[in-house]
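The values are calculated or read from the model by the stated rules, or taken from the named source; none is laboratory data. It should be emphasised that the depicted structure is a prediction, and the values quoted were computed from it without experimental measurement. All Cβ positions, even for glycine, are placed from backbone atoms using ideal geometry, and neighbour counts span all protein chains on display. For accessibility, only protein heavy atoms count, side chains too; no ligands or nucleic acids. Shrake-Rupley method; radii C 1.70, N 1.55, O 1.52, S 1.80 Å.
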Amino acid sequence: MKRRKFIYISTAVTISLMVPQTGCSSKNSLINILASLESLSNIYNIDLKLEIGKKYMEIASDESAIETLSNVISKRIDVSKDNKRFDEAKIKNKIHTAIIEDFERGEIITVDGWILSLTEARQCALLSLIQN
Amino acid sequence: MHIDARELDNNTLIEGDICIIGAGAAGISMALDWDKTNQKVILLEGGGFEYDAKLQELYEGKNIGQKYLPLSAIRLHKFGGTTGLWGGFCSPFDDIDFVERKWVEHSGWPISLKDLVPFYNQAMDILDLHSTDYSLDYWQKREPSYENLPFNNHIIHEKIWQFSPPTRFGKKYKDDVVNSRNIELYTYANVTNIAAIESMKEIDKLEIKNHAGKKHFVKAKYYILACGAIQNARILLTSNKQNIKGLGNENDLVGRYFMEHVEVKSSEIWLNSDYDMSLYLLRKGTTKARAELAISNEAQEKYKILNGTVSLRPLDIARHAVTINENWKDGNPYLKKEDKSLMERIKKKYLKMKEGRIDNIQRAFQLHTRIEQAPNPNSRILLDNKKDALGMNLVNLNWQLSDIDKDSIRTIYNIIGQQVGVSDIGRIKLMEFLREKDDKSWPEFTSGGFHHMGTTRMNNDPKKGVVDSTCKLHGIDNLFVAGSSCFTTSGASNPTFTLIALSLRLSNYLKSKFN
């Protein structure tokens, strides 16, 4: 292999390895990000999040599907699921903002006694479906 | 001067300028307010200086309404009264407590908070408190570690409580009373009847009795009932030889509107990071002031709720604490379960907080409500047919709560839950009894705070109150009532500080009569 060609190929491989770490994810990864409950991580362990998720779906049975929940959450944070590229940190930040806005607007729900933002309750539900 | 009424000759006539019936917080505060004046003060105490089970039996009665503590366990029948059991919590009432609130039926005092301010300042010294200033600002300057949670204080603010040591009146003021030249303290002097003159417009004399079989009489220019809300009502109702309804009871109000503070553990707060919670925690014997979360006047009006506050206790300790209902199951006020290890755990917990947290639960606190109850005419003291050893009818307590009482608690936690989320500091978990909007029931651990109020409520209209704004009984020129039985509403604060202030106000008014 000529040296120049080797350098081009190496660079291309390196770039293709680097790109996922800077933000390009699949649809499934987006769903996982939508289900990540950063706001509650210091309070809830995984079992509690799943429990809340199940209880939420008992209240809102029409939202008991991964597609439905991920659509609702994406719409709430104004992220299109059709995008092939998105920034994980930005999405998490948008979710965090949406949660606080939910509380400000009174878009809250009580699930198993927990007073939660509607968005985070949906996140728990999404997480419990993914885990299943 | 002190006289044991058991040792007097039978049918002794005792005379003075003013006669104070009851030597508890109100009675002793008033009596000492007259110390070194030219008036002769007769101070009557049904008990002695020490606890006596036989005297305590005179306070027995049945609870026939909402589950409550044994009536003889929650009051002390001795010199110093129930300050012998008092926890020392002091905070003034709020201005909203005195105004007529459209969403709280029977609310509205004929006086305002401003009328009590000079007397709160006077009460401060009596109760060994530190400052007249209850502002958060003052206490944060005094204690730099007092950081408040970042709530919108137009919705949730911190209401400050100060802590009396607690002052045990029976111990602290005994010598002052006994050594006073113009106060005559009679122990074992239980008032069993108040007799009016024929027209019923004035009191003629009191009848007092004791277990030694002695009966005596007291005559004074002015008489002040200061025995606490249950006993004040009882004495007025049993003084029924001339009028079957009793004294001051033409409109069937005496004994009604009995109010307690509803005290109930209600929810948990789980914080998402470490906050210094010193401002909110109580270390007995050390803490001079602490804050409870209170809902603003604007929010109370917006949501049409009662005035109440929320205190915090570390969850890992609160889960092991004995509830007040479990503590006092029997009639003996001293027969309470003591969780001695609890104080040790609280001490260790406090130290651990300073060092940093390791578990989620160490960022969690139980939230405990103390809230006024809406004045309810069906919540009342009634006479029983059974009589005590001195021939007085015993009383029954029919403590009744209203829908707004529980609805208010639920709304308070919804407000806090929302604001905790807005502030991004954590989450609230409601206890089960608050989760369903239509659930009107109260859990077993719902209790009062030993706060008895309202049975001779204040209103200038005799159809709406037993006493007027000077605490004088309607229709009777020389009989007054001191203490929390005059409260028109119960406020969010513990009553001792306010009942002393109100009693000192009455004392001041009566002094003007002599001047």
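For A:Val79, which of the numbered conditions (1) more than 17 Å from A:Glu58 (Cα to Cα); (2) hydrophobic (A, V, I, L, M, F, W, C); (3) within 14 Å of another protein chain (Cβ to nearest Cβ); (4) open to solvent by 10 Å² or more (accessible area, probe 1.4 Å) fails to hold?
Of (1) more than 17 Å from A:Glu58 (Cα to Cα); (2) hydrophobic (A, V, I, L, M, F, W, C); (3) within 14 Å of another protein chain (Cβ to nearest Cβ); (4) open to solvent by 10 Å² or more (accessible area, probe 1.4 Å), only one is false for A:Val79: (3).
Across the range A:112-132, what is the number of residues that are closer than 26 Å to B:Ile155 by Cα and more than 10 Å from chain B (Cβ to nearest Cβ)?
Quick first cut of the range A:112-132, residues closer than 26 Å to B:Ile155 by Cα only: A:112-121.
Those left that are additionally more than 10 Å from chain B (Cβ to nearest Cβ): A:118-119, A:121.
Within the range A:112-132, residues that are closer than 26 Å to B:Ile155 by Cα and more than 10 Å from chain B (Cβ to nearest Cβ) number 3.
Facing chain A (nearest Cβ under 10 Å) and free of Cβ contacts under 8 Å to residues at least 24 places away in the same chain - does that describe any residue in the range B:436-457?
There is at least one residue in the range B:436-457 that is facing chain A (nearest Cβ under 10 Å) and free of Cβ contacts under 8 Å to residues at least 24 places away in the same chain.
Residues being within 14 Å of chain A (Cβ to nearest Cβ) and either in a strand (DSSP E or B) or surrounded by fewer than 19 Cβ atoms within 10 Å (Cβ to Cβ) (or both): count how many of those fall in the range B:276-309. Working first, answer last.
To start, the set of residues in the range B:276-309 that are within 14 Å of chain A (Cβ to nearest Cβ) comprises B:299, B:302-303.
Narrowing the set further to residues that are either in a strand (DSSP E or B) or surrounded by fewer than 19 Cβ atoms within 10 Å (Cβ to Cβ) (or both) leaves B:302-303.
Adding up the residues that qualify gives 2.
When you go through B:Lys352, B:Lys336 one by one, which is the residue that is modelled with pLDDT under 95, out of contact with any His (no Cβ under 9 Å at 6 or more places or on another chain), open to solvent by 40 Å² or more (accessible area, probe 1.4 Å) and not in a helix (DSSP H, G or I)? Quick ask: steps written out before the conclusion?
Values: B:Lys352 fails: not in a helix (DSSP H, G or I).
From the options B:Lys352, B:Lys336, the qualifying one is B:Lys336.
For every residue, the table says whether it meets (1) part of a helix (DSSP H, G or I); (2) modelled with pLDDT of 95 or more; (3) open to solvent by 30 Å² or more (accessible area, probe 1.4 Å).
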{"position": "B:Ile28", "(1), (2), (3)": "yes, yes, no"}
{"position": "B:Asn38", "(1), (2), (3)": "no, yes, yes"}
{"position": "B:Phe49", "(1), (2), (3)": "no, yes, yes"}
{"position": "B:Leu58", "(1), (2), (3)": "yes, yes, no"}
{"position": "B:Lys67", "(1), (2), (3)": "no, no, yes"}
{"position": "B:Ile74", "(1), (2), (3)": "no, no, no"}
{"position": "B:Lys102", "(1), (2), (3)": "no, yes, yes"}
{"position": "B:Glu105", "(1), (2), (3)": "no, yes, yes"}
{"position": "B:Trp109", "(1), (2), (3)": "no, yes, no"}
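May I ask you to say which residue of B:Thr411, B:Thr489, B:Thr470, B:Thr498 is touching a helix residue (DSSP H, G or I) at 6+ places or on another chain (Cβ under 6 Å), among the hydroxyl-bearing types (Ser, Thr, Tyr) and not in a loop (DSSP other than H, G, I, E, B)?
Numbers: B:Thr489 fails: not in a loop (DSSP other than H, G, I, E, B); B:Thr470 fails: not in a loop (DSSP other than H, G, I, E, B); B:Thr498 fails: touching a helix residue (DSSP H, G or I) at 6+ places or on another chain (Cβ under 6 Å).
The conditions single out B:Thr411.
Which residues, counting only those in the range B:399-408, are open to solvent by 40 Å² or more (accessible area, probe 1.4 Å) and in a loop (DSSP other than H, G, I, E, B)?
Correct list: B:Gln400 only.
For A:Ser117, state whether it is among the small types (Gly, Ala, Ser) and over 23 Å from B:Ile428 (Cβ atoms).
Here the answer is no, as A:Ser117 does not meet what is asked.
Name the residues in the range B:233-275 that are under 30 Å from B:Glu202 (Cα atoms), surrounded by fewer than 20 Cβ atoms within 10 Å (Cβ to Cβ) and either among the β-branched types (Val, Ile, Thr) or touching a residue at least 24 places away in the same chain (Cβ under 8 Å) (or both), would you? Walk me through how you get there before you give the answer.
Just the residues of the range B:233-275 that are under 30 Å from B:Glu202 (Cα atoms), to begin with: B:233-259.
Still in the list and also surrounded by fewer than 20 Cβ atoms within 10 Å (Cβ to Cβ): B:240-245, B:250-252.
Answer for the range B:233-275, where residues must be under 30 Å from B:Glu202 (Cα atoms), surrounded by fewer than 20 Cβ atoms within 10 Å (Cβ to Cβ) and either among the β-branched types (Val, Ile, Thr) or touching a residue at least 24 places away in the same chain (Cβ under 8 Å) (or both): B:Lys241, B:Gln242, B:Asn243, B:Ile244, B:Glu250, B:Asn251.
If you check every pair at least six apart or on different chains, which have Cβ atoms under 6 Å apart with a residue in the range A:18-44 that is open to solvent by less than 60 Å² (accessible area, probe 1.4 Å) first and a residue that is at pLDDT 80 or above and not in a helix (DSSP H, G or I) second?
Once the first residue is open to solvent by less than 60 Å² (accessible area, probe 1.4 Å) and sits in the range A:18-44, its partners that are at pLDDT 80 or above and not in a helix (DSSP H, G or I) give A:Gly23/A:Asp87; A:Ile43/B:Trp270; A:Ile43/B:Asn272; A:Ile43/B:Arg427.
Looking only at the range A:84-96, decide whether some residue is within 10 Å of chain B (Cβ to nearest Cβ) and in a helix (DSSP H, G or I). Lay out the reasoning, then the answer.
From the range A:84-96, those within 10 Å of chain B (Cβ to nearest Cβ) are A:96; that's our starting set.
Okay, now just the ones that are also in a helix (DSSP H, G or I), so A:96.
Yes, some residue in the range A:84-96 is within 10 Å of chain B (Cβ to nearest Cβ) and in a helix (DSSP H, G or I).
Specify the residue that is least open to solvent (accessible area, probe 1.4 Å); the eligible residues are those in the range A:100-109 that are under 21 Å from the mean Cα position of the chain (by Cα) and within 7 Å of chain B (Cβ to nearest Cβ).
First pass over the range A:100-109, keeping only residues under 21 Å from the mean Cα position of the chain (by Cα): A:100-103, A:107-109.
With within 7 Å of chain B (Cβ to nearest Cβ) added as a condition, the list becomes A:100, A:103, A:108.
Details: A:Ile100: 34, A:Phe103: 0, A:Ile108: 56 Å².
Step by step, filter the range A:100-109, then rank; the result is A:Phe103.
For the range B:444-472, how many residues meet the condition of being at pLDDT 95 or above, surrounded by fewer than 17 Cβ atoms within 10 Å (Cβ to Cβ) and under 30 Å from B:Gly417 (Cα atoms)?
Number satisfying all stated conditions: 0.
Yes or no, residue by residue, for (1) at pLDDT 95 or above; (2) touching a strand residue (DSSP E or B) at 6+ places or on another chain (Cβ under 8 Å):
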position	(1), (2)
B:Ser278	no, no
B:Gln300	yes, no
B:Asp330	no, no
B:Ile361	no, no
B:Ala374	yes, no
B:Arg380	yes, yes
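Condition first: in a loop (DSSP other than H, G, I, E, B) and within 7 Å of another protein chain (Cβ to nearest Cβ). Now tell me which residues in the range B:416-430 satisfy that.
Selection gives B:Asp424 alone.
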